[in-house]
Amino acid sequence: MATPFRKSLRAKEQPCVEPAAVPCDFCTGTQLKAVKSCLGCFMSYCQTHLEPHQRVARLKTHQLVEPMDRLEDRMCKKHDRLLELFCKTEQVSVCQFCTETDHKSNPIVPLKEEYEVKMAQLEKIASDVQQMIKDRKQKIKEIKDTVELSKKDAEREIADGVQVLTALKQSIEKCQDDLNQMVKEKLKSTVKQAEGLIKEIEQEIEDLTFGSSEVKQLSHTKDHLHFLQAFRSLKNPPPTRDWTTVEVRPPSYVGTLRRSLDQLEETLNMEMKKLCDAELKRVQQYEVDVTLDPDTAHPKLILSEDGKQVHHGDVVKKLPDNPKRFTMHIFVLTMQSFSSGRFYFEVQVKDKTGWCLGVARESIARKGQITVTPETGYWNIFKNKDELIFRDNTAVRLPLRAELQKVGVFVDYDEGLLSFYDVEARVHVTSAIGCTFSEPLYPFLCPGNNDYKGDNSAPLIISPVNQTD
């Protein structure tokens, strides 16, 4: 009678072992969940098997704790005591006796306290890992977006190219048709004139031939009376044209092909203007906000408070000796530099007769005389009165546009591309390709010296981009 009762009581007291619970070490068959662990026995007990520890005097002296698995690992091997403390110096778990011997001088904290510290660290690590995963997923998205954007850019570039080249092809075909038509019409007019003259000459020949036969017949007459009577009635030769001054001039085709090519050039220029306008709109999307760095400015330069304007001040200011400052060339760099990607900025050059602007690498020489070329780290264009020059290793003179008022500068660092644009006219000025950019690049400006009459005193102004529709 007692056995079924105990089984029934056991089933009511404790459920079977759950996945995260500590099982009873004494249960046979189905193990029940332990309610206490004994640090004297190194065993865990369910409510039923715990009963002797509550009844037997010797067992009552054992230390009971909340259920723990792997009890032997929780005991100090040296002192046979529970590892319930933590040595922060040696980062190991210790018992109470350890704190009085080997770890006496070390900072000791309860396991729970260290657990909470380490758990906080673990949570941070987990959070950092999740953030790293998130960042990498974001990077994957960025890469995919870049690929997708590249595909769209490629499709647009192909479409624009097809449109331009198709227009040129049609223009060439039209020029060819117009040229053929013009030449044929000139030839047709010449042929028609020649045919009319030939017909007129042939008619005169026919009339002269008829009169010649009468003359020939009369010339064979021996009768004097008849001859004289017939000669009196003989008709005079028909009037004829003086053909000595008449000529058929071959048509002149001088200038015909050139005029056709002029028309083609006009069409090409129109298409180029459309293309440059679209190109400028694209590069303007990479606008960056840059301000001039007073620590780099030559002592004669005067900068505006917002760092957007610079002009020559004639007077050398007394400034701190800064290794970044230019001492001979009247240059100034921006505070911002760029080491990758694409960037674009615009500079107003209106009302100036001389100036220089572009980009320079970080390691450029700034003291004394400087050779301003790509080889020494400068990529720029230079305006001096009636000349516009691209400062390559060999200076390249460019067509000077009288209306040049604002210059756009675009750099694709990774592609090694640098381009200059006439912003107001919406045209491309020049480009340098295959550049080697291996250091941070700084936009730089040079307003030039003031002319004797102050003609070049206007400032260079870094202007916000005004994108047109």
Anisotropy class of the range 195-342 from Cα gyration tensor, a/c 1.5 cut:
prolate
Compute the Rg to Rh ratio over the range 123-266 from the alpha carbon atoms, using the Kirkwood formula for Rh, and round to two decimal places.
1.73
If all Cα-Cα distances of the chain are sorted into 10 Å bins from 0 onward, what percent lands in each bin, rounded to whole numbers?
3, 11, 13, 9, 8, 7, 8, 9, 9, 7, 5, 3, 2, 1, 1, 1, 1, 1, 0, 0
Likely footprinting exposure, R282, R325, fewest C-beta neighbours within 10 Å first:
R282, R325
The range 396-469 - percent relative contact order, Cα under 8 Å, separation 6 or more
18
Proxy exposure order for V129, V183, V332 (fewest C-beta within 10 Å first) is V129, V183, V332
If a/c stays under 1.5 just call it rounded; otherwise compare a/b with b/c (prolate if a/b is bigger, oblate if not). Do that for the range 403-469, with a ≥ b ≥ c from the square roots of the Cα gyration tensor eigenvalues.
oblate
Tell me, what HN-Hα J-couplings in whole Hz come from the Karplus equation 6.51 cos²θ - 1.76 cosθ + 1.60 at θ = phi - 60° for each residue of the range 247-259, using x for Gly and Pro?
8, 9, 8, x, x, 8, 9, 4, x, 5, 5, 4, 5
State the Cα centre-to-centre distance between the range 70-113 and the range 396-433 in whole Å.
74
Unit charges at the beta carbon, dipole of the chain: most positive-side option, T327, C38, V316:
C38
What percent does the relative contact order of the chain come to when contacts are Cα pairs within less than 8 Å and at least six residues apart?
10
For the range 351-360, in residue order, the Karplus 3J(HN,Hα) values (coefficients 6.51, -1.76, 1.60; θ = phi - 60°; whole Hz; Gly and Pro = x) are 6, 10, 9, x, 6, 8, 7, x, 10, 9
Which residues among the range 182-201 fall inside the zone where the amide N is under 20 Å from a point 7 Å beyond the Cα of S252, along Cα→Cβ?
182-194
Positive end of the charge dipole of the range 301-463 (Lys, Arg +1 and Asp, Glu -1 on Cβ, about the Cα centre): tell me which of A432, V411, N449 has its Cα farthest that way.
N449
Estimated FRET transfer efficiency when R0 is 56 angstrom, pair K151-T190 (beta carbons, to 0.05):
0.45
Here the FRET efficiency for Q405 versus I302, based on Cβ atoms and R0 = 30 Å and rounded to 0.05, is 0.90
Placing unit charges on C-beta atoms (Lys and Arg positive, Asp and Glu negative, everything else neutral), compute the dipole magnitude of the chain about its Cα centre in debye, rounded to 20.
1720
Using helices alone, what [θ] at 222 nm do you get for the chain, with -39,500 (n - 2.57) per DSSP H run of 4 or more residues, divided over all residues and rounded to the nearest 500?
-13000 deg cm²/dmol
In nm, to one decimal, how far is the S339 label point from the F210 one, both placed 7 Å along Cα→Cβ?
10.6
Put +1 on the Cβ of each Lys and Arg and -1 on the Cβ of each Asp and Glu in the range 277-371; which of L301, S363, L280 then has its Cα farthest toward the positive end of the dipole?
S363
I need to check one value: relative contact order of the range 317-469, counting alpha carbon pairs closer than 8 Å and at least 6 residues apart, in percent.
33
Could you give the length gained by full extension between L261 and I158, i.e. 0.36 nm per residue of separation minus their alpha carbon distance, to one decimal place?
34.5 nm
In this structure, the FRET efficiency calculated for T166 and E142 from their beta-carbon separation, with R0 = 35 Å, to the nearest 0.05, is 0.50
E387 to T28: extension gain in nm, 0.36 nm per residue of separation minus the Cα-Cα distance?
119.0 nm
Fewest to most neighbouring Cβ within 10 Å: what's the order for D321, D277, D306, D422?
D321, D306, D277, D422
Give the value in nm², to one decimal: projected area of the alpha carbon convex hull of the range 301-463, averaged over all directions.
9.5
Using alpha-carbon coordinates, inclination of helix 224-233 to the longest axis of the chain, degrees:
40
Please list the non-local residues whose amide H lies under 5 Å from the amide H of M75, H modeled 1.01 Å from N, same-chain partners needing a gap of 5 or more.
L83
Expressed in nm to one decimal, what extension gain is obtained for the pair L111 and L398 from 0.36 nm per residue of sequence separation less their Cα-Cα distance?
95.5 nm
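Just so you know, all these numbers are worked out from the coordinates, no wet-lab data involved. Not measured: the values here are computed from a predicted model. Backbone-built Cβ (ideal geometry, glycine too); neighbour counts: all protein chains shown.
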